[in-house]
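The values are calculated or read from the model by the stated rules, or taken from the named source; none is laboratory data. Source: prediction; values computed, not measured. Virtual Cβ from ideal backbone geometry, glycine too; neighbours counted across all protein chains shown. Only protein heavy atoms, including side chains, enter the accessible area calculation; ligands, DNA and RNA are left aside. Shrake-Rupley method; radii C 1.70, N 1.55, O 1.52, S 1.80 Å.
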Amino acid sequence: MSRPITLRINEIFFSIQGETSRIGLPTVFIRLTGCPLRCGYCDSEYAFYGGNTQNLTDILQQVASYGAHYITVTGGEPLAQKRCLDLLAALCDAGYSVSLETSGALAIDAVDPRVSRIMDIKTPGSGELAKMRWENLDDLRSTDELKFVLVDEADYVWAKTLLQEKNLTQRCPVVFSPVWETLPPRDLANWVVRDVLPVRMQVQLHKILWGDGPGR
Ligand code: SF4
């Protein structure tokens with residue numbers, strides 16, 4: 001008899017998606033415990049540890065109880081748990097529109113192709129640039145998105161250069177987002193306009209709505 005599929009879950013909650021092209025959509029968030037990175041600006045350190053082990057059937061039941069269409073699997077770094085792949089496929093099979101928020105440090109090629117992968121590119125300012133798995137860029141599809149979280153102007157210049165060198169906007173949509181209460185959003189907006197960058201400049205809607213806590 002096969003063993004049940006289990007995952008370490010930090011929290012499951014229903015809120016408004018605060019980022020990416022799905023911004024504003026009522027979304028169920030499944031936050032998986034654990035992350036191998038330690039970005040200097042991390043706002044979800046509480047997800048590094050704790051949570052509880054749940055089986056896939058129970059997770060799907062909780063998600064269904066909200067009656068929502070959009071699901072985001074996040075962390076931590078969800079792909080650090082290998083059963084995350086089973087969870088993503090099961091959510092797609094159940095008919096949800098699914099996105100995955102991932103750090104860019106782990107392989108994304110085994111993720112179900114029905115999932116929209118929102119992949120960070122870690123900048124020098126994050127402190128975790130060395131962990132980037134650059135091969136992931138070759139696996140991107142037009143339904144995925146790249147996200148740069150920018151600490152300062154040096155990060156912006158670095159991201160702009162990479163954008164051009166690697167033709168990133170030809171692969172999928174790209175989001176530039178300022179670190180909350182660190183890089184003034186207006187500065188970033190002015191730089192994007194000045195340089196006519198084909199990126200989506202974005203502030204985190206959930207932070208505006210609910211402040212610097214968990215995304216709700
Ligand atoms: S990858 Fe995400 S969860 Fe992990 S340390 Fe960086 S910001 Fe935090």
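Details
- Any hit, the range 29-47, residues being of a type outside the set (F, W, Y), open to solvent by 20 Å² or more (accessible area, probe 1.4 Å) and touching a Leu at 6+ places or on another chain (Cβ under 7 Å): no
- Residue in the range 116-123 that is of a type in the set (K, R) and in contact (Cβ under 8 Å) with a residue 60 or more places away in the chain present: yes
- Boolean, K147 is open to solvent by less than 50 Å² (accessible area, probe 1.4 Å) and in a loop (DSSP other than H, G, I, E, B): no
- G50 meets all of the listed conditions (1) farther than 22 Å from I121 by Cβ; (2) assigned to a loop (DSSP other than H, G, I, E, B); (3) modelled with pLDDT of 95 or more; (4) in contact with a strand residue (DSSP E or B) (Cβ under 8 Å, 6 or more places away or on another chain) but one, namely (3).
- For the range 163-184, the set of residues classified as of a type outside the set (V, I, T) and buried (at least 16 other Cβ atoms within 10 Å of the Cβ) consists of L163, L168, R171, C172, P173, F176, S177, P178, W180, L183, listed by residue number.
- The single condition among (1) within 15 Å of the ligand (Cβ to nearest atom); (2) over 16 Å from L87 (Cβ atoms) that I23 does not meet is (1).
- Of residues in the range 1-20 being outside any strand (DSSP E or B), within 16 Å of the ligand (Cβ to nearest atom) and of a type outside the set (S, T, Y), the one least open to solvent (accessible area, probe 1.4 Å): G18
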